[in-house]
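Notes follow once the structure below has been shown.
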Ligand code: HEC
């Protein structure tokens, strides 16, 4: 009879213990992301302060609406941050998207900007 009881405890650990462990890990990952939101906030302020928002209000593109800074095709084109940083640093020749050098936006500031731009896609994907 005691053998049955132990078996039952093992089963209930697998049934409830394992999922709650996984849940705890998820919650942990979530709070790590929450910690990063300060970067997103800094990035938002930079986005507004360094003129980006004048042309890219809410991650759109006033002059070229087909090229917003969020959504599936943007995410695909700029899968890695390095490429996105490059686009901001070099600008898009022949368009009103000019280059923004280190003198205007420091390397750490550009990371905050990228964090903010990424957050735009995250929230637009969620609302879909
Ligand atoms: C004067 C308007 C203007 C300002 C200011 C501006 N942009 Fe742009 N941006 C554009 C336009 C127009 C394009 C589209 C260029 C093209 O591909 O023809 C663009 C393109 C981009 C792209 C590439 C999008 C793609 O799909 O390839 C990124 C990234 C970007 N802008 C980020 C920024 C950031 C970050 C800032 C601020 C530091 C900024 N832009 C400031 C007008 C602007």
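Once you have a ≥ b ≥ c as the square roots of the Cα gyration tensor eigenvalues for segment 38-126, tell me rounded if a/c is under 1.5, and otherwise prolate or oblate according to whether a/b is larger than b/c.
Numbers: a/c = 1.33, a/b = 1.07, b/c = 1.24.
Rounded.
Rank-order 50-58, 107-115, 11-19 by packing density, defined as the average count of other C-beta atoms within 10 Å over each peptide's residues, highest first.
Values: 50-58: 14.9, 107-115: 17.7, 11-19: 10.7.
Highest mean packing first, the order is 107-115, 50-58, 11-19.
Readers should treat all values here as calculations from the given coordinates under stated rules, not as data from a laboratory. If you're wondering where the values come from, they're calculated on a predicted model, not measured in any experiment. Heads up, the Cβs are rebuilt from the backbone with ideal geometry, glycines too, and the neighbour counts pull from every protein chain shown.
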